[in-house]
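Derivation of every value follows stated rules applied to the coordinates shown; laboratory data play no part. Bear in mind the structure is a predicted one, so any value in this text is a computation, not a measurement. Cβ atoms come from the backbone with ideal geometry, glycine included; neighbour counts cover every protein chain shown.
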Amino acid sequence: MSKDSRPVRPSAIAGYENWPAYVRDRPRYQAATPEVQEFSDALGVPAVVPPADVTVHWEETSDGVTTSQLSWQLGFGPRTTGWLLRPAGSSGPLPGVLALHCHGGNKFGGADRLVTLPEPHPSAVEARAVHYGGRAMATDVARQGFAVLAHDAFAWGSRRFDLSTPPWRTESALEARKSQWREAGVVPSDAGLYNAAAGIHEDTVAKAAGLLGTSLAGMVAHDDLAALEVLAGLPGVDAERLGCIGFSGGGGRALALAVLSPRIRNYVVTCMMTTFQSLLPAYLDAHSWLLQTPGLWKLGDWPEMTGRSGAKGFFVQYALSDELFPEEGMRGAHRILKSLHGPERYTGSFWPGGHVFTAEMQNEAISYLLRTLSAEGTTAHSLSSPTNPLATEDP
């Protein structure tokens with residue numbers, strides 16, 4: 001084969017060809033303290049310019065919640081889609097919550113798994129059923145008297161990479177997966193095909209990020225910081241009462257955001273707390289690049305990162321049969337957190353069950369946000385009391 005007749009390699013970062021220039025040309029994120037700057041630099045977070053072109057595409061009210069679809073353009077990649085949810089008829093100012101979606105192996109969708117929508121995509125319905133007890137968490141938080149913004153993060157949903165023509169390495173691994181499906185008589189959906197490709201492609205994204213001096217977690221944090229600025233600037237939102245909540249990868253995002261931004265007053269981390277040591281050697285492959293940023297351990301253990309945050313308090317929920325974290329790692333993290341923070345700042349709750357944000361756990365988390373972000377005076381639907389048999393356990 002002559003040189004001119006060789007097949008042309010497809011882009012390995014399709015849809016994001018302007019990403020390298022964006023990162024190269026931007027200064028680093030300027031943190032409030034040296035400790036936070038060290039964390040930010042470890043993740044490689046680029047400076048954030050608050051989006052100035054927030055567009056409202058539609059708005060409707062159902063079951064006591066008004067939902068608005070928003071979008072904004074960051075300096076690279078596709079436009080971000082987000083949803084603002086608030087109690088119907090509220091005039092504000094309301095405390096604001098950034099709802100952070102999980103990784104879940106589902107990059108075809110993003111924040112749509114957290115929101116009640118008129119015509120939800122089947123992949124969002126499936127993610128909600130598997131990970132969130134069938135509930136639209138962001139919508140439920142809004143119903144309790146909050147202005148909630150749920151947005152697609154870097155590489156998810158509206159911000160996903162274009163893998164319609166996969167890079168060769170991704171395509172080769174994807175063909176092997178397709179062969180397995182054929183043998184099993186499985187016909188994958190478009191979302192299933194994309195998610196299989198995206199799972200393989202995440203290594204390529206992490207490589208590109210590392211070459212640019214950033215990381216997958218650093219780019220996701222960039223998008224989260226921009227979304228937080230969007231939320232803080234929306235009418236009817238009290239920028240002095242902001243929090244965030246996330247399950248699994250979203251919980252890791254909540255911790256990172258609370259470290260990076262002094263805007264976060266209180267936050268919730270669900271099923272995303274352990275010691276780094278406990279991941280060795282068997283649990284390393286249970287997690288994505290979103291948790292395992294190269295060199296992060298040099299700054300301290302994962303629970304120790306909370307000491308770099310200026311938030312007033314935070315709440316961690318553990319699942320004792322979590323398939324992604326060994327029990328001793330979770331209990332070790334709990335001990336570290338208790339030693340670093342007094343009970344007025346840190347609360348930990350242990351639940352039976354696996355890696356899932358159950359309805360009862362969500363009620364407990366929302367109750368924490370109600371207490372700490374002072375949402376009194378709003379009309380909230382009654383929350384059922386969490387029935388946690390381990391609620392009073394002190395491991």
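Okay, here's what the table says:
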read-out	value
Protection proxy ranking, peptides 329-336, 283-290, 70-77, 243-250, average beta carbon neighbours within 10 Å, highest first	243-250, 329-336, 70-77, 283-290
Protection proxy ranking of 322-328, 32-38, 142-148, 181-187 - average other beta-carbon atoms within 10 Å, highest first	142-148, 322-328, 32-38, 181-187
Within a Gaussian network of the chain (alpha carbon springs, distance under 10 Å), most fluctuating of K178, K298, K107	K298
Rounded to 10°, Cα long-axis angle of helix 34-43 versus longest principal axis of the chain	40 degrees
Straight-distance crosslink candidates among lysines, where the alpha carbon sits under 23 Å from K178 and sequence neighbours closer than 8 are dropped	K107
Most mobile of A282, A319, A198 in a GNM of the chain (Cα contacts under 10 Å)	A282
Label point distance in nm, A88-N18, each placed 7 Å from Cα along Cα→Cβ	4.0 nm
Local electrostatic count at I264 - Lys and Arg +1, Asp and Glu -1, tallied over other residues with Cβ under 11 Å	+3
Length added when fully stretched, A176-R9, from 0.36 nm per residue minus Cα-Cα	58.2 nm
Set of aspartates and glutamates near K338 by C-alpha distance (under 18 Å), chain-local residues within fewer than 8 positions excluded	D301, E304, E327, E328, E393, D394
T61-D190 pseudo-label distance in nm [points 7 Å out on the Cα-to-Cβ vector]	3.4 nm
Rg/Rg_ref, the stretch 222-304, where Rg_ref = 2.2 N^0.38 Å and atoms are Cα	1.22
Acute angle (nearest 10 degrees) that the helix 359-372 long axis makes with the longest principal axis of the chain, alpha-carbon atoms	60 degrees
The chain: angle of helix 168-184 to the longest principal axis, Cα-based, in degrees nearest 10	80 degrees
